[in-house]
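The values are calculated or read from the model by the stated rules, or taken from the named source; none is laboratory data. As the structure is a prediction and not an experimental result, all values here were calculated from the model. Here the Cβ is made from the backbone with ideal geometry for all residues, glycine too, and neighbour counts use every protein chain on show.
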2 protein chains.
Amino acid sequence: MSLLVIGTVAFDAIETPFGKTDKIVGGAATFISLAASYFAKKINLVSVVGDDFPSDAIGMMQKRHINTDGLQVKQGEKTFFWSGRYHNDMNSRDTLETQLNVLEGFDPIIPESYQDCEFLMLGNLAPSVQMSVIERLRNRPKFVVLDTMNFWMDIALNDLHQVLKKVDVLTINDEEARQLSGEYSLVKAAQKILSMGPRYLIIKKGEHGALLFNDKQVFFAPALPLEEVFDPTGAGDSFAGGFIGYLAESRDISFDNLKRAVIFGSAMASFSVEKFGTERIQNLSAEEVDDRVQQFIDLVQFDISLV
Amino acid sequence: MSLLVIGTVAFDAIETPFGKTDKIVGGAATFISLAASYFAKKINLVSVVGDDFPSDAIGMMQKRHINTDGLQVKQGEKTFFWSGRYHNDMNSRDTLETQLNVLEGFDPIIPESYQDCEFLMLGNLAPSVQMSVIERLRNRPKFVVLDTMNFWMDIALNDLHQVLKKVDVLTINDEEARQLSGEYSLVKAAQKILSMGPRYLIIKKGEHGALLFNDKQVFFAPALPLEEVFDPTGAGDSFAGGFIGYLAESRDISFDNLKRAVIFGSAMASFSVEKFGTERIQNLSAEEVDDRVQQFIDLVQFDISLV
């Protein structure tokens, strides 16, 4: 049984108040797979790149036991490219350029060896592409997590509503939750969104942490207070990767275990923002991950006995 | 031994997207004392009002065992008045009117019976007035908490720096922490502010919770996700009241107990915003308070065993 990750594998060019990169490797599926690789042993990647994508970046993923059989390499085509500039507060950014390139006609192919998929992570992509992956799996996975963004709410809301009926967890940020629900209060937004299909909703609030809702319970995980956020790109995907990777490895989808998974996801996000791109989450030791999780425990745990 | 609370006792007129009040009873010391009264048995109030202040509001405080011997009632003068309008997101507000009235010449008088002060809460007032209270106490209290705001950083920064050297805890919001320190990162801001004098810093982030720092540790308490925030006025003061009230009652100023106090403070703030003014925190049952604290426990507690 395995974890299947679909999403973009891409080039990013990033400007922050701390510096600037040329084209570096990014993409939702890259961050998700790398973050998940600290927990899940068997990760199958489905994505597409052009022939300009460096083979050593693919090698870097394989070294972290990510199976790239489902990564299509399109000869004569170019890899998806995004560039953006973060504002001084690091909470908002401007997109400078988007080149869809290979993503334009992306038709995800599921290798036969991926059909044992038990956990499915649908990274941010057109909802219709996310739906096609669900349809191409002969058995419905045990647990399906979907990430999306405001862009798809603007241009493909019907498709998004269709695929929302098929998933267990939706992960979006606070502004997207408000947009999707039409409610300002996140509690009310969560109730509305849960009625659209998913059993669980995770609202990511960046430096303000994350909320996990089901129809009866709510759990809050903080973000780690950091001296500097160096590059927020991929933080949400690293969160999702740590979350689904931990679940896939433990194979326990109780609410208590989802809470743990949110903490592991938050830990991976906190690493991700410390350096440009995927640099920080390519080579973590198990001890570094444990130390970071312990920081989260120390950050929020308290002992109150009500009589 | 007792808790001494100094701050404004005032009239507020509030507009929110949910409604509008005429003059109602408010003020930092009112919210602090009421919130503290659910924990501390002996609360001594120092403040000033005009002869327009209703005696039944004083009676309401006395019924919650708040000693008002130090509440000066100035004949022929008017009570401090503030009116404000909250924006739709409830996170920002405009001040419509401020009438200092009796506050202008406020000279706090400490009744002799208040000299056994062990815990001192300096609610938001001119730093020079806060300092005079410290100076008029013959013995330095065991624990001093100071609340302030950006207004005093703008017009009385030197006085604020002087009094900061005399206190154990400073409570301010995130924007004020940035203003006082000149640092955007709250972690860096905390380090700078702790070097100004206080041993602990609490940064209040409204709907995003609160952070407690000392020079080595950090603790995060969430705000309770609420369906509606009805009136944020007094939330920070209710937080401070729950915090110092819990500490004064338990007489334990270890970091572990400060963490508990932050949770009790957060619980009181979550009640305060549910109705206009002090209405919600005038008549809570012990069971309601315990239930609310249990909601905070359920909201953040998780169980991870690192091997």
> Among the residues of the range B:207-223, which ones are surrounded by fewer than 20 Cβ atoms within 10 Å (Cβ to Cβ) and either in contact with a Gly (Cβ under 7 Å, 6 or more places away or on another chain) or more than 9 Å from every other protein chain (Cβ to nearest Cβ) (or both)?
Replying inline: B:ASN214, B:ASP215, B:LYS216
> Which pairs have Cβ atoms under 8 Å, sit 6 or more apart or on different chains, and link a residue in the range A:32-54 that is closer than 26 Å to A:ASP290 by Cβ to one that is modelled with pLDDT of 95 or more and among the basic types (Lys, Arg)?
Replying inline: A:SER33/A:ARG64; A:LEU34/A:ARG64; A:SER37/A:ARG64
> Is there a residue in the range A:208-219 that is free of Cβ contacts under 8 Å to residues at least 40 places away in the same chain and among the polar types (S, T, N, Q)?
Replying inline: yes
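Would you point out the residue of the range A:217-245, among those that are of a type in the set (Asp, Glu) and over 12 Å from A:PHE31 (Cα atoms), that is nearest to the chain's Cα centre (by Cα)?
Checked the range A:217-245; the qualifying residue nearest to the chain's Cα centre (by Cα) is A:ASP231.
Here is a yes/no grid of residues against (1) at pLDDT 95 or above; (2) touching a helix residue (DSSP H, G or I) at 6+ places or on another chain (Cβ under 7 Å):
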| site | (1), (2) |
| --- | --- |
| A:ALA35 | yes, yes |
| A:PHE39 | yes, yes |
| A:GLY50 | yes, yes |
| A:MET61 | yes, yes |
| A:ASN88 | no, no |
| A:ASP94 | no, no |
| A:TYR114 | yes, no |
> A:VAL46: within 30 Å of A:ASN139 (Cβ to Cβ), touching a Pro at 6+ places or on another chain (Cβ under 9 Å) and not hydroxyl-bearing (Ser, Thr, Tyr), yes or no?
Replying inline: yes
> How many residues does the range B:236-274 hold that are away from every other protein chain (no Cβ under 13 Å), in contact with a strand residue (DSSP E or B) (Cβ under 6 Å, 6 or more places away or on another chain) and not hydrophobic (A, V, I, L, M, F, W, C)?
Replying inline: 1
>> So if I check each of B:LYS166, B:LYS204, which one is touching a strand residue (DSSP E or B) at 6+ places or on another chain (Cβ under 9 Å) and under 28 Å from A:ARG178 (Cα atoms)?
In response: B:LYS204
> Looking at the range A:275-296, which of the residues that are exposed (fewer than 14 other Cβ atoms within 10 Å of the Cβ), free of Cβ contacts under 8 Å to residues at least 40 places away in the same chain and not charged (D, E, K, R) is nearest to the other protein chains (Cβ to nearest Cβ)?
Replying inline: A:GLN294
> Out of (1) closer than 30 Å to A:ARG260 by Cα; (2) at pLDDT 95 or above, the odd one out for B:VAL307 is which?
Replying inline: (2)
>> Being part of a strand (DSSP E or B) and either of a type in the set (A, V, I, L, M) or modelled with pLDDT of 95 or more (or both): is that true of B:ILE253 here?
In response: no
> In the range B:123-144, how many residues are in a helix (DSSP H, G or I) and more than 20 Å from B:SER33 (Cβ to Cβ)?
Replying inline: 4
> Hey, B:GLU228 hits all of (1) modelled with pLDDT of 95 or more; (2) closer than 30 Å to B:ASP22 by Cβ; (3) at the interface with another protein chain (Cβ under 8 Å from one of its Cβ atoms) but one; which does it fall short on?
Replying inline: (1)
> Name the pairs: first residue in the range A:228-244 and in contact (Cβ under 8 Å) with a residue 40 or more places away in the chain, second residue of a type in the set (Lys, Arg), Cβ to Cβ under 6 Å, at least 6 apart or on different chains?
Replying inline: A:PHE230/A:LYS275; A:GLY236/A:LYS204
> Mind checking which residues of the range B:174-189 are within 14 Å of another protein chain (Cβ to nearest Cβ) and within 19 Å of B:ALA221 (Cβ to Cβ)?
Replying inline: B:ASP174, B:GLU175, B:ALA177, B:LEU186, B:VAL187, B:ALA189
> Somewhere in the range B:216-238, is a residue in contact with an Asp or Glu (Cβ under 6 Å, 6 or more places away or on another chain) and within 28 Å of B:GLU118 (Cβ to Cβ)?
Replying inline: no
> Any idea how many residues of the range B:168-189 are crowded, with 21+ Cβ neighbours inside 10 Å and either touching a residue at least 60 places away in the same chain (Cβ under 8 Å) or among the aliphatic types (A, V, I, L, M) (or both)?
Replying inline: 8
> Which of (1) at pLDDT 95 or above; (2) surrounded by fewer than 23 Cβ atoms within 10 Å (Cβ to Cβ); (3) out of contact with any Gly (no Cβ under 9 Å at 6 or more places or on another chain) does B:LYS192 not meet, given it meets every other one?
Replying inline: (3)
>> With the requirement that a residue be farther than 20 Å from A:ASP154 by Cα and either in contact with a Cys (Cβ under 8 Å, 6 or more places away or on another chain) or among the aromatic types (Phe, Trp, Tyr) (or both), what does the range A:168-220 give you?
In response: A:TYR200, A:PHE213, A:PHE219, A:PHE220
>> So A:THR233 ticks every box in (1) touching a strand residue (DSSP E or B) at 6+ places or on another chain (Cβ under 7 Å); (2) away from chain B (no Cβ under 11 Å); (3) not in a loop (DSSP other than H, G, I, E, B) but one. Which box is left unticked?
In response: (3)
>> Quick test for you: out of B:SER285, B:SER270, pick the one residue that is under 17 Å from the mean Cα position of the chain (by Cα) and of a type outside the set (Phe, Trp, Tyr).
In response: B:SER270
>> Condition first: hydrophobic (A, V, I, L, M, F, W, C) and under 25 Å from B:PRO17 (Cα atoms). Can you find one or more residues in the range B:286-297 that meet it?
In response: no
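Please go through the range B:190-206 and give me each residue that is within 11 Å of chain A (Cβ to nearest Cβ), under 19 Å from B:ALA269 (Cβ atoms) and without any contact (Cβ under 8 Å) to a residue 40 or more places away in the chain, ordered by number.
Kept after step one, since they are within 11 Å of chain A (Cβ to nearest Cβ), are these residues of the range B:190-206: B:190-191, B:203, B:205-206.
Now restrict to residues that are under 19 Å from B:ALA269 (Cβ atoms): B:203, B:205-206.
Scanning the range B:190-206 gives B:ILE203, B:LYS205.
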> Could you count how many residues in the range A:88-137 are without any contact (Cβ under 8 Å) to a residue 12 or more places away in the chain and among the small types (Gly, Ala, Ser)?
Replying inline: 2
